[in-house]
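Worksheet: the structure to be examined is printed underneath.
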Amino acid sequence: MEKLNILVIFGGCSTEHSISCASAAAVLSHMDTNRFNPITVGITKDGVWLRYTGPYELIDEGSWFSSRFCSPCTLSPNRNNLSICTGSGQRERFDAAFPILHGKNGEDGTIQGLFELIGAPLIGCGTLSSAIGMDKNLAHEIVSCHGVSVPKGIVLKCGLPPSQVLEAAAAVGYPLFVKPICSGSSFGVSRVDTPEQLIGAAELAFRHDSRVLIEEAVPGFEVGCAVLGNDHLTVGAVDQIELAGGLFDFKEKYTPVTSAIHCPALIPDSKANEIVETAKVIYRALGCRVFARIDMFLRPDGEIIFNEVNTIPGFTAHSRYPSMMAAAGIDFTSLVTKIIELGVG
Ligand SMILES: Nc1ncnc2c1ncn2[C@@H]1O[C@H](COP(=O)(O)OP(=O)(O)O)[C@@H](O)[C@H]1O
Ligand SMILES: [Mg+2]
């Protein structure tokens, strides 16, 4: 069987550039090279596309772009000839595109649209579900139409006078969360316990997006479900985030000190099954394909509340998605193989 050439794209113009590099390095190191030939392209923080042919360690460290293994490259827009063209004029053909990018310009439908435009099989969610998944408010609206509870929230547009921001917060009630509608890795997210903290939190969130969500703080804890598949869905073990502070912030997500991730979650099997069924409803409602991680809250009264979908979840060897799949008996290499097979479809 001929090897499939997989265009793996990493980095990107996003606040989550470094996480993307770490995810891509892990995926590349676990790719079955008997079946797949990775063609690695990094996008710098400034948006320059570079064909990268060096060791994966430099991707992981984030120093890949300044190495001698890089050369400028472009993507051909032709549908009948999926290929990239490097500076030397050399063409490299690929069979499918695998964006391992997090956040804006990578997980939000933009690059997915580019590959759909040129007719490239996409390993991951498509343009529409990626775009909806990136918009926390729109995702809530769609999911709530499918009978799943979402936190009470109000959307604020940039430029509102502080009095109206305070009014919106009073309507939601304290404690609450203020977050950019489109962001990730907890950038710009704050827990607000009193009105005095509100304006500073809103200003921080507006640095990341022109729209901000004010949302009731859901009591209980966050749970996640890794979903894999197109029509038939496979799921990982449900996990549970135990927090000491008010939120799972950037530092705790990538180097946990005060928080802990329990995988499988420390909850009865019946509740874990209910979470899995809810995650499947959400995955289908949002039109996801190939893979996504669905994050929810489990309230003390047992109610499951949707938080957000990550259409390209963190993919380092310690990340939640591969850990949830490992706990369900799917090792990292088999997981990468299944993801590529589902994407190439
Ligand atoms: N409504 C909420 N209730 C309780 N905790 C929340 C709420 N919204 C966000 N959080 C906390 O903030 C973290 C980051 O928020 P989230 O909406 O998941 O954004 P991101 O896309 O950056 O992960 C969550 O992991 C959770 O700990
Ligand atoms: Mg989150």
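Here are a few things to note about the model shown:
- Qualifying trypsin sites (Lys or Arg not before Pro) in the stretch 109-184, where qualification requires a DSSP coil assignment and no more than 16 other C-beta atoms within 10 Å, comprise Lys152.
- Over 28 Å apart at the Cα level, from the set Lys45/Lys152; Lys104/Lys280; Lys45/Lys253, are Lys45/Lys152.
- Full-stretch length increase - Ser334, Ala171 - with 0.36 nm per residue and alpha-carbon distance subtracted: 53.9 nm
- When the stretch 61-215 is described by a simple charge dipole with +1 on each Lys and Arg Cβ and -1 on each Asp and Glu Cβ, the residue from Phe98, Ser67, Ala169 located farthest towards its positive end is Ser67.
- Gyration tensor (alpha-carbon) shape descriptor, the chain, a/c threshold 1.5: prolate
- For Lys338, a cut-off of 18 angstrom between C-alpha atoms picks up these aspartates and glutamates, skipping any fewer than 8 places away in its own chain: Glu2, Asp32, Asp95, Asp231.
- Here's the list of lysines a cross-link from Lys251 could span, going by alpha-carbon distance under 19 Å and ignoring same-chain residues fewer than 8 apart: Lys179.
- Within the straight-line cut-off of under 19 Å between alpha carbons, the aspartates and glutamates reachable from Lys136 are Glu16, Glu107, Asp108, Glu203, Asp209, Glu215, Glu216, Glu222, Asp249, Asp295, Glu308, sequence neighbours fewer than 8 places apart in one chain being disregarded.
- Between Ala22, Ala272, Ala168, the GNM of the chain built on Cα springs shorter than 10 angstrom shows Ala168 fluctuating the most.
- Derived scalar couplings ³J(HN,Hα) [the stretch 202-207; Karplus, 6.51 cos²θ - 1.76 cosθ + 1.60; whole Hz; x for Gly, Pro]: 5, 4, 4, 5, 5, 5
- Rounded if a/c under 1.5, otherwise prolate or oblate - the stretch 4-123, Cα gyration tensor axes: rounded
- 3J(HN,Hα) along the stretch 246-259, derived from phi through the Karplus expression 6.51 cos²θ - 1.76 cosθ + 1.60 where θ = phi - 60°, amounts to x, 8, 7, 8, 3, 4, 5, 5, 9, 9, x, 10, 9, 9 Hz, with x in place of Gly and Pro.
- Interchain or long-range residues, amide H under 5 Å from Asn307's placed H: Asp295, Met296, Phe297
- Ranking of Ile199, Ile294, Ile330 by count of other Cβ atoms within 10 Å, fewest first: Ile199, Ile330, Ile294
- When the chain is treated as a GNM with alpha-carbon contacts under 10 Å, the residue of Ser334, Ser163, Ser323 showing the greatest mean-square fluctuation is Ser163.
- Under a model in which nothing but the beta-carbon of Lys, Arg (+1) and Asp, Glu (-1) is charged, the stretch 172-273 shows a dipole of about 180 debye around its Cα centre.
- Share antiparallel - DSSP beta bridges, the chain, percent rounded to 5: 75 percent
- Loop-resident sites, the stretch 190-232, for trypsin sites (Lys or Arg not before Pro), counting at most 14 other Cβ within 10 Å (DSSP): Arg207
- ³J(HN,Hα), Karplus 6.51/-1.76/1.60, whole Hz, each residue of the stretch 265-282, x for Gly, Pro: 5, 8, 9, x, 4, 4, 6, 4, 5, 5, 5, 4, 5, 5, 4, 5, 4, 5
- Selection from Pro77, Asn307, Ala317 lying farthest towards where the dipole of the chain points positive, charges on Cβ: Pro77
- Lys, Arg +1 and Asp, Glu -1 on Cβ, resulting dipole of the stretch 192-345 about Cα centre, debye, nearest 20: 560 debye
- Expected 222 nm ellipticity per residue - DSSP helices of 4 or more, -39500 (n - 2.57), all of the chain, to 500: -9000 deg cm²/dmol
- Once the chain from Lys152 to Leu117 is taken as fully extended at 0.36 nm per residue, the excess over their C-alpha distance is 8.9 nm.
- For Val189, the amide hydrogen comes within under 5 Å of no other amide hydrogen, counting only partners 5 or more places away or on other chains and with H modelled in the peptide plane.
Each reported figure results from applying straightforward, stated rules to the coordinates on display, with no laboratory input. Computed from a predicted model, the values in this text were never measured in an experiment. Counting neighbours? That spans all protein chains shown, and the Cβs are built from the backbone with ideal geometry, glycine included.
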